[in-house]
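So the structure is just underneath, and the comments pick up after that.
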Amino acid sequence: MTERSSGLGLAPGAEGVLPSQHLERAAELGIIDSGDYKILPESIQPASVDLRLGEVAYRIRCSFLPDQDTVEDKLKRYIVDEIDLRGDGAVLETKRPYLIPLIEKLALPPEVRARTNPKSSTGRLDVFTRVITDASFRFDDIRAGYHGRLYLEVVPLSFTVKVRHKLTLNQIRLIVGNPSIDDQTLQQLHESTPLLYRDDGPVPANELATANGLFLGLDLRNGPEGRVGYRAKDYAPLLDMGLSGVYDRSDYWEPVFREDGDRIVLAPERFYLLLSDERVVVPPHLAAEMTAYDPTSGELRTHYAGFFDPGFGVRDTDEEQGSRAALEVRAHDVPFMIEHRQRVCKLTFERMLAIPEKRYGAGIGSNYQGQNDPLGKHFAR
């Protein structure tokens, strides 16, 4: 065991996602290092750490993976322009890829690996992001023992956005061992501590759909006056991703209303924000992640993947347990019809290494506990 991993208090054979108190210690030990920029307490989430944009963004010709090279060596072949993110920030245009070195670096112990995901507010703006690392064949998965920089690929797909130095678009989890939970264990957990609720109570065990996780369905019935979600408008105004609660939704979104039969038809290549029919609970000893939709199940993509922290959906009374998940949906190639309660995404669950001292919710400024509207924090309520 290395000095760094012993400093984390990892027992031999430990398995789990590192909780907030371990992440704070990881920052102290330099496992997650931000150089001259201190990692702020508010950057430490219950099971993840927010990652911040560096001082410069590179507009690149195309996306890439470094394979056996360093990112910097391969990046030189694809740079179109260099953009300063300091001061007032810079505008990122739609459908163009950008690569941004992040402030945080990693010096992972040999037994600790990492995984990254966009923050929920990033995905809700249809801003596609993923992390790449040196000598890697995969996005977002960071091998155990990695020492080096982190780079964020950013592609705004629906809206032209402004970003700036130190803005957070992504987050990282540290993981030791194999914390995955199989379907049989999920069923047992749901019976003792329900993970999904619908209407007035837990989803019946015989109605759970599992396949290395729990599937969620769409709510296309219960919106006010038949409105079940939103579709991104074309040619919307510039949106500053560093601002919250200031934008008029009607400038950026058009409402989506259900048809007779509680269904909607998705227009090809248009971005939709919808809500899950089920309400999700992530108990404090678990973490969850929304995984990309299986393309063999239809011509659509749901969710860019995202972390659900311990405490998500844990509410004050039994009657209101669970929070609905925002679902980011895009059909490809052809119009695609979806119906109420159609299963479109999956939550995978993992064990925490320990109960986190921080929990998702109002106490740490979480934005989406108890949400009944899929729009992100940038829009006025």
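The values are calculated or read from the model by the stated rules, or taken from the named source; none is laboratory data. Keep in mind that this is a model prediction, so the values were computed, not measured. Every residue, glycine among them, receives a Cβ derived from its backbone with ideal geometry; neighbour counts consider all protein chains shown.
Worth pointing out:
- Every condition in (1) assigned to a strand (DSSP E or B); (2) farther than 16 Å from Ile132 by Cα; (3) among the basic types (Lys, Arg) is met by Arg86 except one, and the failing one is (1).
Yes or no, residue by residue, for (1) under 17 Å from Phe308 (Cα atoms); (2) out of contact with any Gly (no Cβ under 8 Å at 6 or more places or on another chain):
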position: Lys119; (1), (2): yes, no
position: Val127; (1), (2): no, yes
position: Thr133; (1), (2): no, no
position: Arg143; (1), (2): no, yes
position: His147; (1), (2): no, yes
position: Leu157; (1), (2): no, yes
position: Asn170; (1), (2): yes, yes
position: Leu186; (1), (2): yes, no
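- Residue pairs meeting the criteria (Cβ under 9 Å; at least 6 apart or on separate chains; first within 18 Å of Ser323 (Cα to Cα) and at pLDDT below 85, in the range 355-381; second part of a helix (DSSP H, G or I) and of a type in the set (Asp, Glu)): Ile364/Glu42; Gly365/Glu42; Gly370/Glu320
- Check on Asp69, in contact with a helix residue (DSSP H, G or I) (Cβ under 8 Å, 6 or more places away or on another chain) and either at pLDDT below 95 or surrounded by 14 or more Cβ atoms within 10 Å (Cβ to Cβ) (or both): no
- Looking across the range 104-150, the residues that are on the phi > 0 side of the Ramachandran plot and either touching a Leu at 6+ places or on another chain (Cβ under 6 Å) or not in a loop (DSSP other than H, G, I, E, B) (or both) come down to Asp126, Gly145, Gly148.
- For Val228, the conditions (1) more than 28 Å from His190 (Cα to Cα); (2) without any contact (Cβ under 8 Å) to a residue 60 or more places away in the chain all hold with the exception of (1).
- Sole residue being farther than 23 Å from Thr122 by Cβ and out of contact with any helix residue (DSSP H, G or I) (no Cβ under 9 Å at 6 or more places or on another chain), chosen from Gly35, Gly30, Gly54: Gly35
- Residue, nearest to the chain's Cα centre (by Cα), within the range 253-266, restricted to residues that are assigned to a loop (DSSP other than H, G, I, E, B) and more than 24 Å from Phe379 (Cα to Cα): Asp262
- Pairs with Cβ under 7 Å, 6+ apart, first in the range 16-37 and farther than 14 Å from Gly148 by Cβ and assigned by TED's automatic domain parsing to the domain that holds Gly145, second outside any loop (DSSP other than H, G, I, E, B) and modelled with pLDDT under 95: Arg25/Gly7; Leu29/Arg4; Leu29/Gly7
- Which numbered condition Ile39 misses (of (1) among the aliphatic types (A, V, I, L, M); (2) modelled with pLDDT under 95; (3) over 25 Å from Gly365 (Cβ atoms)): (3)
- Residue that is nearest to Leu220 (Cα to Cα) [pool: residues in the range 318-351 that are polar (S, T, N, Q) and not in a strand (DSSP E or B)]: Gln342
- Among residues that are closer than 30 Å to Arg25 by Cβ and either surrounded by fewer than 13 Cβ atoms within 10 Å (Cβ to Cβ) or in contact (Cβ under 8 Å) with a residue 40 or more places away in the chain (or both), Pro97 is not included.
- The set of residues in the range 155-194 being within 19 Å of the chain's Cα centre (by Cα) and under 29 Å from Gln21 (Cα atoms) consists of Lys166, Leu167, Thr168, Leu169, Asn170, Gln171, Ile172, Arg173, Leu174, Ile175, Pro179, Ser180.
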